[in-house]
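In what follows, a structure is listed as structure tokens, so that the remarks can point back to it.
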Amino acid sequence: MSRNAESTAFRSALEVIRAVEPRVADAIGAELADQRESLKLIASENYASPATLLAMGNWFSDKYAEGTVGRRFYAGCQNVDTVEALAAEHAQELFGAAHAYVQPHSGIDANLVAFWAVLADRVESPALKKAQVRQVNDLTEADWFALRRELGNQRMLGMSLDAGGHLTHGFRPNISGKMFDQRSYGTDPATGLIDYDRVAEAAREFKPLILVGGYSAYPRKVNFRILREIADSVGATFMVDMAHFAGLVAGKVFTGDFDPVPHAHIVTTTTHKSLRGPRGGMVLCQPELADQVDRGCPMVLGGPLPHVMAAKAVALAEARRPDFADYAQRIVDNSQALAEGLLRRGAKLVTGGTDNHLVLIDVSGYGLTGRQAEQALLDSGIVTNRNSVPQDPNGAWYTSGIRIGTPALTTRGLGTAEMDQTAELIHTVLTQTTAGANADGTPSKAKYTLDAGLADKIARQATDLLATYPLYPGVDLS
Ligand code: DSN
């Protein structure tokens, strides 16, 4: 496929948009320019392929398609059926899953679908049974009351937020923390690693309906075989949220005990992080949960986004190619090189390293909060995000950590040598930044000082580092 085709496609699209609202066309062009110039180390972001991006910009966006393939609430869904079935087929083949549901609009939505499926499958509720067999009109007020009581307050055990778990695994700012009776497992304070004996102990005491595995800020592999054994020992359904590391599963970097798909009853993911697809979510499950999962829309989801499902089909087809395995391995090689580069220069890393796509720097070692470090790095052209570390004294807003990840830079083609240079840039910024004070002289968690000349110099070095690896080399908008 010629590079010219990509340039023509994006240029033409912008020309058509510009004729209606030029400021939108300008913002799209500016976004590409910004992404090209910044050292993107946000662990949850990536760069989707031109084919994936283009699959989203079309008339599929105009179609309603509530329901599932072949069973829609709207007429005329035959082409939506084609792309939804294709995306599901690619997902099943790629991950070796019995069933795939590709409608969720995000990871949070995928988790809601999974929670619903498990509740509907596991909770003994005669009223729910009546509702499921479509005798809704026969339900009395008392039935509805019982149904709400029976489905509410079910127990969920997930990884704690400051140990790297996700908000949707039962934390208060998310509905999961309000509808479930939640408890969490953390990590060993000495090593930062999951202590499976402690998880088993918590499961025995708490007897959760759902045991959740998976994370968004834990830099290590997780043994899903052991977690499944723990779930089985207490009769829990084992759910894994692999949003962050789906690309490493797809690329067969995580296999055996570290591949969640053969071990979990239900697996959720996003499609846009290490998997490198469009923004969206997906659920994979064992056959007994498939019927409930397929009720995701309209149970908890708004109408499916057929244009995004088309893009999921394209991205999943890309992930089935042999070169995706090479990409996935390079993500981890780069992450480890970045961790080693930081450690060699004296940084303090949670767990002392990484075996996945992300590294968590404990910036208290530099005398900074996560908020100060994040902003100082951004001033220097390095895009990261602040993140809690285990037992974080600064809470979830200011934090004591910086989370960095390599999926995006690996897509651009940067390798281990550039990761060492990146470690040097990060370390220089963090050592040269000093924490500020409030007007009353007390230490500030947000203010900091960094010489502007140094920040500019680092930003130029970051741009130089990227110059050899152009982003979307086939797209010339000029
Ligand atoms: N926002 C995603 C992340 O950055 O990890 C997860 O929700």
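Read the figures in this text as sums done on the coordinates, not as results from a lab. From a predicted model like this one, the values you see are computed outputs, not experimental measurements. Here the Cβ positions follow ideal geometry from the backbone for every residue, glycine too, while neighbour counts run over all protein chains shown.
Amide H to amide H distances under 5 Å link Ile194 with Asp188, where only residues 5 or more positions off or on other chains count and H is placed in the peptide plane.
Cross-link partners of Lys129 among aspartates and glutamates, defined as those whose alpha carbon lies under 20 angstrom from its own and excluding same-chain residues fewer than eight positions apart: Asp121, Asp138, Glu141, Asp143, Glu150, Glu288, Asp291, Asp294.
Using Cβ point charges alone (K and R +1, D and E -1), the dipole size of the range 33-89 about the Cα centre works out to roughly 80 debye.
The residue list Thr468, Met419, Gly441 was ranked by how far each Cα lies along the charge dipole of the range 406-478 toward its positive end, using unit charges on Cβ atoms, and Gly441 comes out on top. By the equivalent-ellipsoid construction on the alpha carbon gyration tensor, the range 357-404 comes out with semi-axes of 16, 12, 9 Å, ordered largest to smallest.
Across the range 222-234, computed HN-Hα scalar couplings (Karplus, 6.51 cos²θ - 1.76 cosθ + 1.60, θ = phi - 60°) run 10, 8, 6, 5, 5, 4, 5, 4, 5, 4, 4, 5, 10 Hz from first to last residue, x flagging Gly and Pro.
Sorted ascending by nearby beta carbons within 10 Å, beginning with the fewest, Val332, Val136 become Val136, Val332. Short-range pairs are left out: with C-alpha atoms under 8 Å and at least six residues apart, the relative contact order of the range 301-379 is 20 percent. Where a ≥ b ≥ c are the square roots of the eigenvalues of the C-alpha gyration tensor, would you call the range 392-478 rounded, which needs a/c under 1.5, or, failing that, prolate if a/b is larger than b/c, or oblate? Prolate, since a/c reaches 1.5 and a/b exceeds b/c. With 20 Å as the limit, the listed pairs Lys40/Lys445; Lys252/Lys273; Lys178/Lys445 have Lys40/Lys445; Lys178/Lys445 beyond it between alpha carbons. The distance linking the range 418-454 with the range 146-175 is 36 Å (Cα centroid to Cα centroid, whole angstrom). Between Asp121 and Arg11, the simple label model (points 7 Å from Cα in the Cβ direction) yields a spacing of 5.1 nm.
For the range 127-159, the residues whose backbone nitrogen is under 15 Å from a point 7 Å from the Cα of Asp291, taken along Cα to Cβ, are 128-135. Each Lys and Arg Cβ is given +1 and each Asp and Glu Cβ -1; about its Cα centre, the chain then shows a dipole of about 320 debye. The Stokes-Einstein estimate for the range 251-354, based on a Kirkwood radius over Cα pairs and taken at 25 °C with 0.890 mPa s viscosity, is a diffusion coefficient of 150 µm²/s. In terms of surrounding Cβ atoms within a 10 Å radius of their Cβ, Val118, Val20 rank from fewest to most as Val20, Val118. Cα gyration tensor of the chain, axes a ≥ b ≥ c as square roots of the eigenvalues: rounded (a/c below 1.5), prolate (a/b > b/c) or oblate? Cα axes put the chain in the oblate bin. As a rough footprinting exposure proxy, the listed residues Phe245, Phe180, Phe73, Phe60 were ranked by other beta carbons within 10 Å of their own, and the order from fewest upward is Phe73, Phe60, Phe180, Phe245.
With 10 Å bins beginning at zero, the pair-distance distribution over Cα atoms of the range 108-232 amounts to 12, 39, 30, 13, 5, 1 %. Secondary structure note: in the chain, about 60% of the DSSP beta bridges are antiparallel. Near the amide H of Gly281, within less than 5 Å, lie the amide hydrogens of His105, Ser106, Thr271, all on another chain or at least 5 residues away, with H placed in the peptide plane. Among beta bridges identified by DSSP and lying wholly in the range 199-289, the antiparallel ones come to about 40 percent. In the range 1-111, taking the dipole from charged Cβ atoms about the Cα centre, the farthest positive-side position among Ile108, Pro50, Val69 is held by Pro50.
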